[in-house]
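> Quick one: this structure, given as structure tokens, is what I'll be asking you about.
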Amino acid sequence: MIGEFIDGPLWYFSLTAFVIGVVWRIVSIVRAGVRPDLSIARGSAGRGAMRAIFSRFVPERTVTTSSRLQLIAGYMFHVGLLILLFFAQPHIDFIAERITGLSWPAVPHWVFIVAAEFSFAGLILLWLHRVLNPVTRLLSDMDDHIGSILVFLVMLTGCLALAQSHEALRLIHLFLAEVFLIYFPFSKLMHAFTFVMSRGYTGATMGRKGVNA
Amino acid sequence: MARMKFYCDPERCIECNACVTACKNENEVPWGVNRRRVVTIKDGEPGERSLSVACMHCSDAPCATVCPVDCFYTTQDGVVLHDKDICIGCGYCFYACPFGAPQFPEDGAFATRGKMDKCTFCAGGPEADHSADEHRKYGSNRLAEGKLPLCAEMCSTKALLAGDANVISDVYRKRIINRGAAVLARGVSYRDASFRAPRSTGGKSSSQE
Amino acid sequence: MSMPATDKTASQRLSVFGLCLLAVCLLLFSPLVDAEEKSARELPGVKVFNPAAELWRDVRQREAPVSGKTQVGGVETGVLINATGDRWRQFRMDELIPVGGYVIGAIIVLLLIFYMVRGRVPIEGGASDRKLPRYTTYERMVHWFIASVFLFLAITGLILLFGRPMLIPLFGKEGFSIIASACKEGHNLMGPLFLLALVMVFFQFVRRNIYQKGDLTWLLRGGGIIGKKHVPSNFFNMGEKTMFWLLVFVGSLIGISGLVLVFPVLGLGREFMALAHVGHAIGALLMIAVIIGHIYIGTVGMEGAIEGMKTGYCDLNWAKEHHDLWATKAIDQGEAMSNEAVASLNGEKTSTAPPGATIQGAGK
């Protein structure tokens, strides 16, 4: 009944909402357009964009010294989450069964667990920093907190369901993941997609101006 | 109802491990799980004896006492069973069990214990008798068919006895009395049987010229 | 919060060997005696053995469990009798669960009584208009990190320990199994984070937690609980320092023994695992009891105590009363700030003071 609803219709609804929402957000950003740059190009915009998208993964020197903890915690969380999300056996099985129909190699169970540890430590520390540091606290709005807490709850319920033996635990995890998917396109969580565009945009602007940054 | 027990006669067990194999095959247990094992003590020394050990289906089972989720129950036949739907795989029963009966499937490094598996006296589990679920989780349910555990049924030397405790103790008592009689007849304890002097082999040969 | 005593009686407690094995042995013994008597009557001098019973007795009565050979792989498969199992069962069922329940119940009752007698410890001088910076953002992060992980582990651990007597009657076996499975997995996964947090806490706070001269006086005067006078102390008082070292040592014990329990694949013997469990349980209950007291002081027990951990700044009068050695030094170094300056630094909107005043205050 409620389990079947979560496992069936709600899953497909949330997936649809997620896909349509993300596409809509990206299209609307792209459609907003770029102001035409009439100056003479001093460099390649495309190359600048590509460089920025990747070079920004390496933090600036000021960041590595002044907010080292955020940097480390940030990487721990994001890399951990990436592994959890796309390379854990249960997730691959689920995605293969429900969406793509094809699977890819999973990481061993112990890598999965280590990734979860890192991810949790990173997320908790980052959220505490967000709440305790006056600057980030003022910068944060409801959206940030809801996003963090949703991700945390999805991860927590996922780890509670690790035994993979109780349907109820799996459904709670799935339900929160569905809420997360529905919430995703309408929040800052979109940065998972839009970081490419923002970096690409600044990179292209810089590249065209011949700025090597 | 009868009270079901296992009993292994160390004077008869020849460490053939057929009970172990029979159990694995009958119950289709996963890798790494051995519900029954044969232990040989004083291996290669005088007084070597072997015993086949599995869950002893204790009357006051320590595993059931320590289980944090209370998943054990005792059937009317005195068989100690557990519910794998309730088991959380904590391993406490393994620490408490004197015989090392509880087994845990492991899936590699960092794996938490899977759900406990142990000898069911070939009596299945809480699911309906002979259902697919029961077979998948607990293996075969011979008791419901009126059969006894396969390990004992196919023991070639009838060292491993299984069944009604009264009958088993009867069988075993008779064996002991017979062995006592053999001592009387030969004048030598069966315990020293292997060091017994050969009887009148003088002048004997396998080939007569 | 008293624990229902387990249904084990003292007589039942005695019997590892009141197991099926002995049941059979007993069944065997009565006929055996008959047989022996009979043979003894007929032919004196002949002893009849019950080989199985003797073998089991042999195996069981040795100092260490007799280990044999077996074709079956796994942990201690060659051991016929696990000699420590029953002692461990007795510890868990008859000692740990009831005593642990009483200890935690007693702590809560004691704190309730203490609160009723003593009430909330106020800041005697009242809240002042100035504050002292007490903890940096990183220090507070580390504190709340270990706090959240500890709380999660404590709650899941207590559920696993007391769930059978207390929660199964409420949720039923199936329901509790879901909770217990979630708790077990969550407990195992979060456990290593506690060790990480512990390392962070250790390096962040260790220098201020080394015992000093005044600490003995603090202890002798009961930390100010006895009598009305506050006892001088530095950044951390003797009680806080003791809690820190308890956390470091007992916390490491809990964490490391927990790791042992989480890795059954290491193939450690049952005796070692049972020992790890004993250490884990006793350490954890001790820490939980201590932390309940810690939480009591922070929340209801003392006015102004949690402020430093919440906002990073503590009231000047509170600091003078509770940590005067540190407060005097901090004031001398000009660390005191006006409330408005602190509010401004913390990004709280102050309606009373104009922005100019807060900046001035901050520069002080």
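The values are calculated or read from the model by the stated rules, or taken from the named source; none is laboratory data. None of these values were measured; they are calculated from a predicted model. Using ideal geometry, Cβ is built from the backbone for each residue, glycine included, and neighbour counts are taken over all protein chains shown. For the accessible areas, the whole protein counts, side chains as well, though only heavy atoms, and no ligand, DNA or RNA atoms are used. Shrake-Rupley method; radii C 1.70, N 1.55, O 1.52, S 1.80 Å.
> List the number of the failed condition for C:Ile104; all other conditions in (1) hydrophobic (A, V, I, L, M, F, W, C); (2) over 20 Å from C:Met309 (Cβ atoms); (3) open to solvent by 30 Å² or more (accessible area, probe 1.4 Å) hold.
The one condition C:Ile104 does not meet is (3).
> Sticking with this one: Consider A:Arg42 carefully, then state whether it is of a type in the set (D, E, K, R) and closer than 20 Å to A:Val196 by Cβ. Quick ask: steps written out before the conclusion?
Values: of a type in the set (D, E, K, R): yes; closer than 20 Å to A:Val196 by Cβ: no.
Against the criterion (of a type in the set (D, E, K, R) and closer than 20 Å to A:Val196 by Cβ), A:Arg42 does not qualify.
> Now for a separate question. I'd like the full set of residues that are open to solvent by 60 Å² or more (accessible area, probe 1.4 Å) and β-branched (Val, Ile, Thr), limited to the stretch A:34-64.
The answer is A:Val34, A:Ile40, A:Val58, A:Thr62.
> In the stretch A:195-210, is there at least one residue being within 14 Å of chain C (Cβ to nearest Cβ) and buried (at least 18 other Cβ atoms within 10 Å of the Cβ)? Talk me through it step by step, then tell me what you get.
So in the stretch A:195-210, the residues within 14 Å of chain C (Cβ to nearest Cβ) come out as none.
Looking for residues that are within 14 Å of chain C (Cβ to nearest Cβ) and buried (at least 18 other Cβ atoms within 10 Å of the Cβ), one finds none in the stretch A:195-210, hence no.
> Right, another one. May I ask you to list the residues in the stretch C:289-345 that are of a type in the set (Asp, Glu), part of a helix (DSSP H, G or I) and open to solvent by 50 Å² or more (accessible area, probe 1.4 Å)?
Taking the stretch C:289-345 first, the residues of a type in the set (Asp, Glu) are C:303, C:307, C:315, C:321, C:324, C:332, C:335, C:340.
So of that shortlist, the ones also part of a helix (DSSP H, G or I) come out as C:307, C:321, C:324, C:332, C:340.
C:Asp332, C:Glu340, listed by residue number.
> Further, regarding this structure: How about the stretch A:55-73: which of its residues are assigned to a helix (DSSP H, G or I) and more than 24 Å from A:Leu162 (Cα to Cα)?
Step one: filter the stretch A:55-73 for residues assigned to a helix (DSSP H, G or I), giving A:55, A:61-66, A:68-73.
Scanning the stretch A:55-73 gives A:Ser55, A:Arg61, A:Thr62, A:Val63, A:Thr64, A:Thr65, A:Ser66, A:Arg68, A:Leu69, A:Gln70, A:Leu71, A:Ile72.
> Which residues, counting only those in the stretch B:138-161, are open to solvent by 20 Å² or more (accessible area, probe 1.4 Å) and closer than 28 Å to B:Asp85 by Cβ?
B:Arg142, B:Leu143, B:Ala144, B:Glu145, B:Gly146, B:Lys147, B:Leu148, B:Leu150 - these are the residues of the stretch B:138-161 that are open to solvent by 20 Å² or more (accessible area, probe 1.4 Å) and closer than 28 Å to B:Asp85 by Cβ.
> So, in the stretch A:14-46, exactly how many residues are part of a helix (DSSP H, G or I), in contact with a helix residue (DSSP H, G or I) (Cβ under 8 Å, 6 or more places away or on another chain) and more than 26 Å from A:His78 (Cα to Cα)?
2
> Mind listing whichever residues of the stretch A:65-114 are of a type in the set (Ser, Thr, Tyr) and open to solvent by 40 Å² or more (accessible area, probe 1.4 Å)?
Going residue by residue through the stretch A:65-114, those that are of a type in the set (Ser, Thr, Tyr) are A:65-67, A:75, A:100, A:103.
Those that are of a type in the set (Ser, Thr, Tyr) and open to solvent by 40 Å² or more (accessible area, probe 1.4 Å): A:Thr65, A:Ser66, A:Tyr75, A:Thr100, A:Ser103.
> In the stretch C:117-142, which residue that is more than 9 Å from every other protein chain (Cβ to nearest Cβ) and assigned to a helix (DSSP H, G or I) is most open to solvent (accessible area, probe 1.4 Å)? Please lay out each step first, then the result.
Here is the first cut: in the stretch C:117-142, the ones more than 9 Å from every other protein chain (Cβ to nearest Cβ) are C:117-136, C:139.
Okay, now just the ones that are also assigned to a helix (DSSP H, G or I), so C:117-118, C:139.
Values: C:Val117: 123, C:Arg118: 65, C:Glu139: 13 Å².
Here the answer is C:Val117.
> Which condition breaks for C:Gln61 when tested against (1) at pLDDT 95 or above; (2) open to solvent by 30 Å² or more (accessible area, probe 1.4 Å)?
For C:Gln61, the failing item is (1).
> Here is a check on your reading of the model: is C:Thr156 in contact (Cβ under 8 Å) with a residue 12 or more places away in the chain, surrounded by 14 or more Cβ atoms within 10 Å (Cβ to Cβ) and in contact with a Lys or Arg (Cβ under 8 Å, 6 or more places away or on another chain)?
Working: in contact (Cβ under 8 Å) with a residue 12 or more places away in the chain: yes; surrounded by 14 or more Cβ atoms within 10 Å (Cβ to Cβ): yes; in contact with a Lys or Arg (Cβ under 8 Å, 6 or more places away or on another chain): yes.
It is true that C:Thr156 is in contact (Cβ under 8 Å) with a residue 12 or more places away in the chain, surrounded by 14 or more Cβ atoms within 10 Å (Cβ to Cβ) and in contact with a Lys or Arg (Cβ under 8 Å, 6 or more places away or on another chain).
> Which ones in the stretch C:183-213 are buried (at least 16 other Cβ atoms within 10 Å of the Cβ), over 20 Å from the mean Cα position of the chain (by Cα) and either over 13 Å from C:Trp245 (Cβ atoms) or not assigned by TED's automatic domain parsing to the domain that holds C:Met309 (or both)?
If the condition is that a residue be buried (at least 16 other Cβ atoms within 10 Å of the Cβ), over 20 Å from the mean Cα position of the chain (by Cα) and either over 13 Å from C:Trp245 (Cβ atoms) or not assigned by TED's automatic domain parsing to the domain that holds C:Met309 (or both), then C:Gln204, C:Gln212 are the ones that fit.
> Right, something else. For residues that are open to solvent by 20 Å² or more (accessible area, probe 1.4 Å) and assigned to a loop (DSSP other than H, G, I, E, B), scanning just the stretch C:236-263, find the one that is farthest from C:Thr328 (Cα to Cα).
C:Phe263
> Here's another thing I want to ask about it. Looking at the stretch C:290-313, I want the residues that are not assigned by TED's automatic domain parsing to the domain that holds C:Leu151 and have a partner that is modelled with pLDDT under 90 and open to solvent by 30 Å² or more (accessible area, probe 1.4 Å) with Cβ atoms under 6 Å, at least 6 apart or on another chain. Which pairs are those?
Final answer for the pair search is none.
> Here's another thing I want to ask about it. Would you pick out the residues in the stretch A:91-144 that are at the interface with another protein chain (Cβ under 7 Å from one of its Cβ atoms) and either on the phi > 0 side of the Ramachandran plot or not hydrophobic (A, V, I, L, M, F, W, C) (or both)? Outline the logic, then answer.
Initially, the stretch A:91-144 is screened for residues at the interface with another protein chain (Cβ under 7 Å from one of its Cβ atoms), giving A:108-110, A:113, A:116-117, A:120-121, A:124-125, A:128-129, A:132-134, A:137-138.
A:Pro108, A:His109, A:Glu117, A:His129, A:Asn133, A:Pro134, A:Arg137 - these are the residues of the stretch A:91-144 that are at the interface with another protein chain (Cβ under 7 Å from one of its Cβ atoms) and either on the phi > 0 side of the Ramachandran plot or not hydrophobic (A, V, I, L, M, F, W, C) (or both).
> Moving on to the next point. Looking only at the stretch B:1-50, filter to residues that are among the aliphatic types (A, V, I, L, M) and at pLDDT below 90; which one of those is nearest to C:Ile81 (Cα to Cα)? Break it down stepwise before answering.
Initially, the stretch B:1-50 is screened for residues among the aliphatic types (A, V, I, L, M), giving B:1-2, B:4, B:14, B:18, B:20, B:22, B:29, B:33, B:38-39, B:41.
So of that shortlist, the ones also at pLDDT below 90 come out as B:1-2, B:29, B:33, B:41.
Working: B:Met1: 29, B:Ala2: 26, B:Val29: 23, B:Val33: 19, B:Ile41: 12 Å.
Filtering the stretch B:1-50 for residues that are among the aliphatic types (A, V, I, L, M) and at pLDDT below 90, the one nearest to C:Ile81 (Cα to Cα) comes out as B:Ile41.
> What number of residues in the stretch B:12-24 are within 9 Å of chain C (Cβ to nearest Cβ) and open to solvent by less than 50 Å² (accessible area, probe 1.4 Å)? Give the steps one after another, and end with the answer.
To start, the set of residues in the stretch B:12-24 that are within 9 Å of chain C (Cβ to nearest Cβ) comprises B:15, B:17, B:20.
Then keep just the ones that are open to solvent by less than 50 Å² (accessible area, probe 1.4 Å); that gives B:17, B:20.
Residues that pass the stated criteria total 2.
> hydroxyl-bearing (Ser, Thr, Tyr) and under 30 Å from A:Thr157 (Cβ atoms) - does that describe any residue in the stretch A:69-88?
Going through the stretch A:69-88, the residues hydroxyl-bearing (Ser, Thr, Tyr) turn out to be A:75.
With the extra rule that they be under 30 Å from A:Thr157 (Cβ atoms), the set shrinks to A:75.
Yes, the stretch A:69-88 contains at least one residue that is hydroxyl-bearing (Ser, Thr, Tyr) and under 30 Å from A:Thr157 (Cβ atoms).
> Of everything in the stretch B:25-70 that's at the interface with another protein chain (Cβ under 10 Å from one of its Cβ atoms), farther than 22 Å from C:Trp56 by Cα and free of Cβ contacts under 8 Å to residues at least 40 places away in the same chain, which residue is most open to solvent (accessible area, probe 1.4 Å)?
The qualifying residue most open to solvent (accessible area, probe 1.4 Å) is B:Asp70.
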